[in-house]
Every structure is written in structure tokens, then in C-alpha cells.
1. Short version: ³J(HN,Hα) in whole Hz for each residue of segment 221-226, in order, from phi by Karplus 6.51 cos²θ - 1.76 cosθ + 1.60 (θ = phi - 60°), x for Gly and Pro, what are they?
2. So, with +1 on the Cβ of K and R and -1 on the Cβ of D and E, and no other charges, what is the size of the charge dipole of the chain about its Cα centre, to the nearest 20 debye?
3. Between helix 151-160 and the chain, what is the angle of the helix's C-alpha long axis to the longest principal axis, kept within 0 to 90° and rounded to the nearest 10?
4. Translational diffusion coefficient of segment 170-309 at 20 °C, 1.002 mPa s, Stokes-Einstein with Kirkwood Rh over Cα pairs, in µm²/s as a whole number.
5. How much accessible area does Phe52 have with a 1.4 Å probe, in Å² rounded to the nearest 10?
6. Could you estimate the translational diffusion coefficient of segment 1-94 from the Stokes-Einstein equation, with Rh from the Kirkwood formula over C-alpha pairs, at 10 °C and 1.306 mPa s, in whole µm²/s?
7. Principal axis extents for the chain, Cα atoms only, whole Å, descending order, please.
8. Which of the GluC sites (Glu not before Pro) across segment 212-309 are loop residues per DSSP, with 12 or fewer other Cβ within 10 Å?
Amino acid sequence: MTCILQLGPLSERFNRTLAAEHEVLPIWQADAEALLAEHAQRIEVVVTSARFGCSAALIERLPRLRAICSFGVGYDPIDVAAARTRGIPVSNTPDVLNDCVADLAFGLLIDCARQMSRADRFVRDGNWGRAQLPLGHRVSGKRLGILGLGRIGAAIARRSSGFEMQVRYHNRRPLAGCDYAYEASLHELARWSDFLIVACPGGENTRNLVDRPVMDALGSQGVLINVSRGSVIDEPALVSALQDGRLGGAGLDVYVHEPQVPPALLEMPNVVLLPHIGSATEETRLAMEELLFDNLRSFLERGEMLTAV
Ligand code: 8YV
């Protein structure tokens, strides 16, 4: 039995299966300090998620740590550099969530343009027949900018073809053999776009990439969608762009300090707010759990991660 430190709860099913196969130390159920004082020397694997992360300080405290297995594609809160210096591989769960995150990004886009959440509130509040809902905006045929044409960004781009949208993207470098037009400047991409979807990884390299000038370039008719990480957007600048009407609307699944949402956004009818549910479907969460287990088993049996970061 491998001694595993689990940094936060995943599904009941996951927690049960992990505990049936290994000796699991659930740190959130214990006094963390006391648990580490007693067991740090024995822990061989850390199981975590994009939500719970894994710090350099924790890695340092675990002398026998051999692997970190994470639930989720993003690994920005895991100190991968600290793990690398010790030769500790880190696995994530890429690809299996591409479709669901892309579906949600498109759902947010349509909701923002056609005001579906707002219209739903309008009906529930008994306003139909009494008040007038303002007109929304057409989705089909519009210009879609994608920040981060990776695996999720590409799935978003594919969905847009049914809406006959034009697509351009911004990455650090153009992708070889890619049919979509590359825009070297994010600012120019925003200026061109009706909708700008953020789908790049989080972390230091992309922090506040979408800043005030980018939002101003997207403009008073433009809509910003974020299914990546809150950190990619300068959040206070987003709030003031929306307050001033310099940005047309926003659809957000992620925030800088989750689960906190900037209070000003709660009052805005042109903003759709979701509680970080990009991958939150039965099918995808099951696939993510299975991929974590596959990584763990492959590492323990053959010393190889299947999807190492
Ligand atoms: C999950 C995510 O909600 O994959 C990611 O990077 O942010 C989401 O899929 C997260 O991993 C759950 O902790």
C-alpha cells in the first residue's frame, strides 16, 4: 500500500476508490501540522487538484515524495519547478475535458449575446407582458477571437463553424499548419473581435494579459468570455470597464479569488456569472477521475506517468 497525501476532497466515488487501494491521509480532515509531523517521512504520492494545488513548501517537507497526481488540466497552483528539481513527476488530466469546457465557453457566449440568463430572470420575476426586455445581439456570422488556441481553444474554434463565425487567435507564436488567422498582437485581436474568449493557461506567464487597453480595444459592443483562470484578466480593470460601458459584456466561469466574485459584477445585467463549472459534468468528471487513477497506477507499476505536465 502506498502512502498518499490527499490535499482536498474530490467526489465521494473518487475518495472511496483511492482509500480502498491505498493508505490515504486526507489533510483537510486533520490538523495539517500534526498530520505532517507524524507522517511526512512516509508520504510517497500527493493527490491534489487544480483547486488545491501543491506548494514548494509542502514538497520540501516530504522527503520520500515520488509523484504528484492532479485532477484538472490547469496546474498553475502546483509548484512544478520545485517538483522538477527533485525529479518528481506531476500529472494532470488534459484532453478529457476539452469538449465540456468548450461547450461551456460557447454557452456563455450565446448567453451574453442573447441575454438568456437575464431573460430567464425577467420571466421568473413576472415581468413578461409588463416590461420590455432590451434586444440582444446576433451570434451567427460574428467575429470570434480566441486567446490561447490550445486543445480547449481549438475545440471552441471548431464549435464556431456551425455559427459561420470568422475566427482569429493569439498565442505566443503562430501554430504551424493552422487554418485560423494568427494575430500577433492581443490588442489587435481584441479590436477585431466581437467576442474574445480566454482559453490560455493561467499562471505567471499570462497574469493580467487582458488588461485595460485590451478591454478598451474590444470595446463597448464587445464581449469578453473567460473559461481559463481569473488571473488572466485584470479583474479590477474589468469591473471598471463594465461600469463605464467601455466593455459591452462579460461571461465568466473563473475569478481571481474563487469563490469570491467582485460584488459590483452581481448587479450588472450584461454579465453572466458561473461558479467555475467548465468541466463539471458527470461524464467529464468521471473521465478526469479515471485519468488520474490511470496515471497513478501507471506510475506505481511502471514508474511512468501517462499525462505528465
Ligand atoms: C476543475 C479546472 O474545476 O481542469 C481545470 O484546470 O479548473 C477544472 O476542470 C478543477 O480542476 C477542479 O479542481
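The values are calculated or read from the model by the stated rules, or taken from the named source; none is laboratory data. Treat the numbers as computed from the prediction; the structure is a model and nothing was measured. Using ideal geometry, Cβ is built from the backbone for each residue, glycine included, and neighbour counts are taken over all protein chains shown. All accessible areas refer to the heavy atoms of the entire protein, side chains included, with ligands and DNA or RNA removed. Shrake-Rupley method; radii C 1.70, N 1.55, O 1.52, S 1.80 Å.
1. 9, x, 10, 9, 10, 10
2. Details: 31 positive and 37 negative charges, 134 e Å.
I would put it at about 640 debye.
3. Once rounded, one gets 30 degrees.
4. On the way: Rh = 16.9 Å.
Taking Rh from Cα pairs, D becomes 127 µm²/s.
5. Roughly 60 Å² of Phe52 is accessible to a 1.4 Å probe.
6. Numbers: Rh = 13.2 Å.
Rounded, D is 120 µm²/s.
7. Over the chain, Cα extents along the principal axes are 63, 49, 32 Å.
8. Working: sites: Glu267, Glu282, Glu283, Glu289, Glu290, Glu301, Glu304; in loops: Glu267, Glu304.
Sites meeting the loop and neighbour criteria: Glu267, Glu304.
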